[in-house]
Amino acid sequence: MRRYVPSRHFLHAGLAALAGAALSAAFGVTFPLAWVSAALFAGSAAALGWLALRPPIETHETHLAVGRRLIPWSDIRRLDSTGWLSPLVVRITLFDDRSIVVIYPGDPDSAGRLLREMRRLARHALIDGVPYRRFWGETAAGPQRKPPASPPKRVLRPEDEQEVLRLYQKLKAVGHLDSKNPPDDE
(Lines give C-alpha, C1' and ligand atoms only; values in the text may rest on other atoms or scores of the structure.)
Protein backbone atom coordinates (compact mmCIF):
# COMPACT_ATOMS: atom_id res chain seq x y z
CA MET A 1 0.00 0.00 0.00
CA ARG A 2 1.17 3.50 -0.82
CA ARG A 3 -0.45 6.70 0.36
CA TYR A 4 -0.29 9.92 -1.66
CA VAL A 5 -1.25 13.09 0.20
CA PRO A 6 -1.64 16.56 -1.36
CA SER A 7 1.43 18.76 -1.37
CA ARG A 8 1.66 21.56 1.21
CA HIS A 9 2.72 23.95 -1.55
CA PHE A 10 -0.89 24.32 -2.66
CA LEU A 11 -1.96 25.32 0.86
CA HIS A 12 0.86 27.85 1.16
CA ALA A 13 0.12 29.30 -2.28
CA GLY A 14 -3.57 29.51 -1.38
CA LEU A 15 -2.78 31.42 1.80
CA ALA A 16 -0.52 33.78 -0.17
CA ALA A 17 -3.33 34.35 -2.69
CA LEU A 18 -5.74 35.04 0.18
CA ALA A 19 -3.31 37.62 1.56
CA GLY A 20 -3.07 39.17 -1.92
CA ALA A 21 -6.87 39.34 -2.07
CA ALA A 22 -7.02 41.09 1.29
CA LEU A 23 -4.32 43.56 0.27
CA SER A 24 -6.02 44.29 -3.06
CA ALA A 25 -9.36 44.76 -1.28
CA ALA A 26 -7.70 47.28 1.05
CA PHE A 27 -6.43 49.20 -1.98
CA GLY A 28 -9.85 48.84 -3.59
CA VAL A 29 -11.28 51.34 -1.09
CA THR A 30 -9.32 54.14 -2.75
CA PHE A 31 -8.66 52.62 -6.20
CA PRO A 32 -11.80 50.87 -7.55
CA LEU A 33 -9.77 49.01 -10.22
CA ALA A 34 -7.99 47.07 -7.43
CA TRP A 35 -11.22 45.12 -6.87
CA VAL A 36 -10.49 43.23 -10.08
CA SER A 37 -7.20 41.96 -8.72
CA ALA A 38 -8.89 41.23 -5.36
CA ALA A 39 -11.44 39.04 -7.14
CA LEU A 40 -8.73 37.24 -9.13
CA PHE A 41 -6.69 36.64 -5.97
CA ALA A 42 -9.81 35.37 -4.15
CA GLY A 43 -10.63 32.98 -7.01
CA SER A 44 -7.06 31.69 -7.03
CA ALA A 45 -7.13 31.27 -3.25
CA ALA A 46 -10.36 29.27 -3.48
CA ALA A 47 -9.00 27.00 -6.23
CA LEU A 48 -5.70 26.42 -4.43
CA GLY A 49 -7.51 25.80 -1.13
CA TRP A 50 -9.77 23.27 -2.83
CA LEU A 51 -6.71 21.47 -4.25
CA ALA A 52 -4.95 21.52 -0.88
CA LEU A 53 -7.96 19.90 0.80
CA ARG A 54 -8.28 16.99 -1.67
CA PRO A 55 -8.46 13.58 0.01
CA PRO A 56 -5.37 11.37 0.04
CA ILE A 57 -5.08 8.61 -2.56
CA GLU A 58 -4.02 5.10 -1.60
CA THR A 59 -3.01 2.30 -3.94
CA HIS A 60 -3.50 -1.26 -2.77
CA GLU A 61 -3.01 -4.53 -4.64
CA THR A 62 -6.77 -5.00 -4.95
CA HIS A 63 -8.13 -1.46 -5.18
CA LEU A 64 -7.58 2.27 -5.46
CA ALA A 65 -8.82 4.37 -2.53
CA VAL A 66 -9.66 8.03 -3.16
CA GLY A 67 -10.66 9.34 0.24
CA ARG A 68 -13.35 6.92 1.40
CA ARG A 69 -14.22 5.70 -2.08
CA LEU A 70 -12.80 2.29 -3.02
CA ILE A 71 -12.39 1.40 -6.70
CA PRO A 72 -11.40 -2.22 -7.43
CA TRP A 73 -8.74 -2.50 -10.14
CA SER A 74 -10.85 -5.11 -11.92
CA ASP A 75 -13.67 -2.54 -12.36
CA ILE A 76 -11.45 -0.08 -14.24
CA ARG A 77 -11.85 -0.37 -18.01
CA ARG A 78 -10.01 2.76 -19.10
CA LEU A 79 -7.34 5.00 -17.58
CA ASP A 80 -6.74 8.28 -19.42
CA SER A 81 -4.24 10.90 -18.28
CA THR A 82 -4.43 14.51 -19.40
CA GLY A 83 -0.70 15.12 -19.53
CA TRP A 84 -0.72 17.34 -16.45
CA LEU A 85 1.58 16.17 -13.68
CA SER A 86 1.00 18.90 -11.12
CA PRO A 87 -1.82 18.60 -10.34
CA LEU A 88 -2.22 15.13 -11.78
CA VAL A 89 -5.58 14.68 -13.49
CA VAL A 90 -6.61 11.14 -14.51
CA ARG A 91 -9.98 10.11 -15.92
CA ILE A 92 -11.06 6.60 -14.91
CA THR A 93 -13.84 4.83 -16.80
CA LEU A 94 -15.47 1.96 -14.92
CA PHE A 95 -17.05 -1.23 -16.27
CA ASP A 96 -20.53 0.38 -16.29
CA ASP A 97 -19.27 3.38 -18.36
CA ARG A 98 -19.28 5.75 -15.38
CA SER A 99 -16.35 8.15 -15.29
CA ILE A 100 -14.43 9.38 -12.29
CA VAL A 101 -11.91 12.18 -12.45
CA VAL A 102 -9.08 11.72 -9.97
CA ILE A 103 -7.13 14.86 -9.10
CA TYR A 104 -3.91 14.56 -7.15
CA PRO A 105 -2.25 17.87 -6.20
CA GLY A 106 1.22 16.62 -5.40
CA ASP A 107 4.73 17.39 -6.49
CA PRO A 108 5.65 16.13 -9.99
CA ASP A 109 7.79 13.23 -8.70
CA SER A 110 5.08 11.70 -6.51
CA ALA A 111 2.45 12.42 -9.18
CA GLY A 112 4.57 10.49 -11.69
CA ARG A 113 4.93 7.59 -9.26
CA LEU A 114 1.17 7.54 -8.64
CA LEU A 115 0.38 7.58 -12.37
CA ARG A 116 2.89 4.78 -13.07
CA GLU A 117 1.50 2.71 -10.20
CA MET A 118 -2.10 3.22 -11.35
CA ARG A 119 -1.13 2.16 -14.87
CA ARG A 120 0.71 -0.91 -13.57
CA LEU A 121 -2.13 -2.10 -11.30
CA ALA A 122 -5.04 -1.51 -13.74
CA ARG A 123 -4.38 -4.79 -15.58
CA HIS A 124 -7.77 -4.99 -17.33
CA ALA A 125 -7.83 -1.42 -18.56
CA LEU A 126 -6.97 0.44 -21.71
CA ILE A 127 -4.23 2.90 -20.80
CA ASP A 128 -4.57 6.08 -22.81
CA GLY A 129 -6.41 4.00 -25.43
CA VAL A 130 -3.76 1.25 -25.63
CA PRO A 131 -4.31 -2.28 -24.22
CA TYR A 132 -2.40 -3.01 -21.01
CA ARG A 133 -0.02 -5.64 -22.48
CA ARG A 134 0.87 -3.54 -25.50
CA PHE A 135 1.33 -0.41 -23.35
CA TRP A 136 3.92 -2.19 -21.20
CA GLY A 137 5.51 -4.03 -24.15
CA GLU A 138 4.47 -7.48 -23.01
CA THR A 139 3.59 -10.24 -25.44
CA ALA A 140 0.69 -12.65 -25.17
CA ALA A 141 1.43 -16.01 -23.53
CA GLY A 142 -0.15 -18.03 -26.36
CA PRO A 143 1.50 -19.11 -29.61
CA GLN A 144 2.34 -16.25 -31.91
CA ARG A 145 0.78 -16.20 -35.35
CA LYS A 146 3.06 -15.28 -38.16
CA PRO A 147 1.66 -13.19 -40.95
CA PRO A 148 1.01 -15.20 -44.11
CA ALA A 149 4.00 -15.34 -46.42
CA SER A 150 3.63 -13.27 -49.53
CA PRO A 151 3.87 -15.17 -52.82
CA PRO A 152 7.38 -15.17 -54.27
CA LYS A 153 8.04 -12.46 -56.80
CA ARG A 154 8.80 -13.56 -60.34
CA VAL A 155 12.36 -12.86 -61.39
CA LEU A 156 12.34 -14.75 -64.70
CA ARG A 157 9.89 -14.88 -67.55
CA PRO A 158 8.03 -18.19 -67.87
CA GLU A 159 10.16 -19.18 -70.91
CA ASP A 160 13.40 -18.49 -69.05
CA GLU A 161 12.10 -20.38 -66.07
CA GLN A 162 11.47 -23.44 -68.25
CA GLU A 163 14.99 -23.16 -69.68
CA VAL A 164 16.48 -23.04 -66.16
CA LEU A 165 14.44 -26.10 -65.15
CA ARG A 166 15.58 -27.97 -68.30
CA LEU A 167 19.25 -27.16 -67.54
CA TYR A 168 18.79 -28.22 -63.92
CA GLN A 169 17.30 -31.57 -64.94
CA LYS A 170 20.16 -32.08 -67.40
CA LEU A 171 22.76 -31.27 -64.73
CA LYS A 172 21.07 -33.62 -62.30
CA ALA A 173 21.05 -36.46 -64.81
CA VAL A 174 24.58 -36.06 -66.17
CA GLY A 175 26.36 -34.63 -63.15
CA HIS A 176 28.04 -31.80 -65.05
CA LEU A 177 27.34 -29.27 -67.77
CA ASP A 178 30.04 -29.53 -70.40
CA SER A 179 29.38 -27.92 -73.74
CA LYS A 180 32.42 -29.68 -75.37
CA ASN A 181 31.09 -33.19 -74.91
CA PRO A 182 27.35 -33.22 -75.44
CA PRO A 183 25.52 -36.14 -73.83
CA ASP A 184 24.46 -39.05 -75.99
CA ASP A 185 20.74 -38.44 -75.75
CA GLU A 186 20.88 -35.18 -77.72
**Request:** Kindly check whether there is at least one residue in the range 51-61 that is small (Gly, Ala, Ser) and under 30 Å from residue 121 (Cα atoms).
**Result:** yes
**Prompt:** How many residues are over 30 Å from residue 9 (Cα atoms), at pLDDT 85 or above and small (Gly, Ala, Ser) when one looks only at the range 115-154?
**Reply:** 2
**Message:** Between 83, 112, which is touching a strand residue (DSSP E or B) at 6+ places or on another chain (Cβ under 9 Å) and modelled with pLDDT of 85 or more?
**Reply:** 112
**Request:** Might you check whether a residue that is in contact with a strand residue (DSSP E or B) (Cβ under 6 Å, 6 or more places away or on another chain), at pLDDT 70 or above and assigned to a helix (DSSP H, G or I) occurs anywhere in the range 170-178?
**Result:** no
**Prompt:** Between residues in the range 59-82 that are more than 12 Å from residue 100 (Cβ to Cβ) and residues that are surrounded by fewer than 13 Cβ atoms within 10 Å (Cβ to Cβ) and among the polar types (S, T, N, Q), which pairs lie under 8 Å by C-beta distance while being six or more apart or on different chains?
**Reply:** 72/62; 73/62
**Request:** Report yes if some residue within the range 106-124 is assigned to a helix (DSSP H, G or I) and either assigned by TED's automatic domain parsing to the domain that holds residue 20 or touching a helix residue (DSSP H, G or I) at 6+ places or on another chain (Cβ under 6 Å) (or both); otherwise report no.
**Result:** yes
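The values are calculated or read from the model by the stated rules, or taken from the named source; none is laboratory data. Since we're looking at a predicted model, the values are computed, not measured. We place every Cβ from the backbone using ideal geometry, glycine too, and count neighbours over all the protein chains shown.
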